[in-house]
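This report concerns only the one structure given below.
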Protein chains: 2
Amino acid sequence: MADRKPRKDAARNRASLLAAAEELFASRARPEDVTMSDVAAAAGVGKGTLFRAFGDRTGLIRELYAARLEPVEEAVTAGPPPLGPGTPPLERVPAVLDALLCFKIDNRHLALALEATGSDSPYDADHYDRWHALLRGALEQVPGFDAGDSGFTAHALLAAVRADLVEHLVGGRGMDRQQLRARLSDFVERVLGGQRPEA
Amino acid sequence: MADRKPRKDAARNRASLLAAAEELFASRARPEDVTMSDVAAAAGVGKGTLFRAFGDRTGLIRELYAARLEPVEEAVTAGPPPLGPGTPPLERVPAVLDALLCFKIDNRHLALALEATGSDSPYDADHYDRWHALLRGALEQVPGFDAGDSGFTAHALLAAVRADLVEHLVGGRGMDRQQLRARLSDFVERVLGGQRPEA
DNA sequence: TACGATGCGGACCGGCGGTCCGGTTAACGT
DNA sequence: ACGTTAACCGGACCGCCGGTCCGCATCGTA
């Protein structure tokens, strides 16, 4: 059921391609002006190798994105509080959203590239479903949320950390990481409890 | 300073093109498989005419979108309550978001097409700035919101009515218009005041 | 070392958005 | 009515991009 033995040069090329793609997406301003030929050339291999390794453009970007996201998913599904399971919902929801925000800030190149493929809406990605299910589950345990509410609320909260919004705030205007985290934190608090931060 | 006289056939062709594009975007499943040649052919004109009239693909879609959006903007900037100016913020913010949601539901084809151009993030559109400024202004008059909060909150609220989310809920799963409106309304209420709908 | 399987690479393809220019036609003065 | 002119039309054409293909090189193995 598992793929047999990948050849050594194949593995090497795969790694080169991932590294080259990573760097190109990080350096070029807009994801769509990183072409597949660019990636292949930067990695020092032919286009055929690129497409054999990743199937298509979306496959390549998904691979990069998944690799970066994995530590965060790990921390949430099996880590210590305040991210891991066993954390009280009122504490976990803000923590998860903060972690997601930081991830999006640091990896907006990839997140934007992923959305820019056009071949799939962000809502078709399987990791989206996981985040949504997690938040929904946590919200359902919060007093004042019924089952219907929590589903939409989870979507709305996730929408607040979408990559292009983050890019607009951090990249476009000069908002820095800490400011944005604070604003998101306040927002989440308001949604969760309604108690004012001040006054 | 203004364009002089458009020729009669030019105006006719322009109208045909808008109508053809409208219908194609509405009928085809995904926006990116409506090609410019398709639009020209459906309107019974050549591609040259299409591009002369609208500049490029983005220009065409923007025109369609703006035409549909105009009544809503009109109602908000110069209409009666609860949308128009002079409405108390606590009433106007939910009303505006509801109007925007309905617009997105009815025109998701166009909104999705606009985002799918890739040439510009939704946050670069000038109408986005108008909605943001409006909401921000209203929020600043609500007790418990300081100037910093209201800017981010406005972004977050607008993110909750983004076209692809709406499409995912209404198109993908079978959520109907009234359910979605109710959920958004609850969410906005929670953000604004924190008073629970029940209990 | 010799041999099969596996992977490599870049010429190639189809289709897209966008351009160009010779032919056509509307607008207007007479 | 008609000629002149400037604007407009249309579709062949271009450059580019994602993706394919297949003869050839390379790896792993006996």
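Extension gain for A:ALA19 to A:ALA42 (0.36 nm times residue separation, less C-alpha to C-alpha distance): 7.3 nm.
Averaged over peptide B:180-187, how many Cβ atoms belonging to another chain are found within 10 Å of each residue's Cβ? List each step's numbers first, then the result.
Working: counts 1, 0, 3, 7, 2, 0, 6, 7.
The shielding value for this peptide is 3.
Around B:ARG92, with a cut-off of 13 angstrom between Cβ atoms, what is the net charge of the other residues, counting Lys and Arg +1 and Asp and Glu -1? Overall, the nearby charge balance is -2. For the range A:165-176, putting each phi into the Karplus relation 6.51 cos²θ - 1.76 cosθ + 1.60 with θ = phi - 60° gives couplings of 5, 4, 4, 5, 7, 8, x, x, 8, x, 6, 9 Hz, in residue order, rounded to whole numbers and with x for Gly and Pro. Distances, shortest first, from the label point of A:HIS127 to those at the same position in the other copies read 3.2 nm; the point lies 7 Å along Cα to C-beta. Computed over Cα pairs, the Kirkwood radius of the range A:1-55 leads via Stokes-Einstein (0.890 mPa s, 25 °C) to a diffusion coefficient of 209 µm² per second. In the assembly of identical copies, A:GLY174 has its label point, taken 7 Å from Cα in the direction of the beta carbon, separated from the corresponding points by 5.4 nm (ascending, one decimal).
With contacts taken as Cα pairs under 8 Å at a separation of at least 6 residues, the range B:64-192 carries a relative contact order of 28 percent.
The value given for the protein assembly as shown is a Kirkwood hydrodynamic radius of 23.2 Å, derived from the mean inverse Cα-Cα separation. Across the range A:1-92, C-alpha contacts under 8 Å between residues 6 or more apart give a mean separation that, scaled by the residue count, equals a relative contact order of 18 percent.
So if a site counts as exposed when it's one of the trypsin sites (Lys or Arg not before Pro), its DSSP state isn't H, G, I, E or B, and it has at most 12 other Cβ atoms within 10 Å, what's the longest stretch of chain A without one? List each step's numbers first, then the result.
On the way: sites that count: A:ARG4, A:ARG7, A:ARG173.
So the longest stretch without any such site is A:8-172.
Mind giving me the FRET efficiency for B:GLN179 and B:HIS132? R0 is 30 Å, r the Cβ-Cβ distance, nearest 0.05 is fine.
On the way: r = 26 Å, r/R0 = 0.88.
Efficiency computed from Cβ-Cβ geometry: 0.70.
Shown for B:ASP33: label points 7 Å from Cα along the beta-carbon vector, and their distances to the equivalent points in the other copies, 3.1 nm in ascending order. Globularity index of the range B:64-192 is 1.02 (Cα radius of gyration / 2.2 N^0.38 Å, N = number of residues).
Mean Kyte-Doolittle of at least 0.0 plus a Cα span of 18 Å or more along the axis: flag which DSSP H helices in chain B meet both, please. In chain B, the long hydrophobic H runs are B:89-106, B:147-159. Ordering A:ASP126, B:ASP106 from the fewest to the most neighbouring beta carbons within 10 Å gives A:ASP126, B:ASP106.
Laboratory data are not the source of any read-out in this text; all were calculated from the coordinates shown. Computed from a prediction, not measured in an experiment: that's the story for all the values here. Here Cβ is always computed from backbone atoms with ideal geometry, including for glycine, and neighbour counts include all displayed protein chains.
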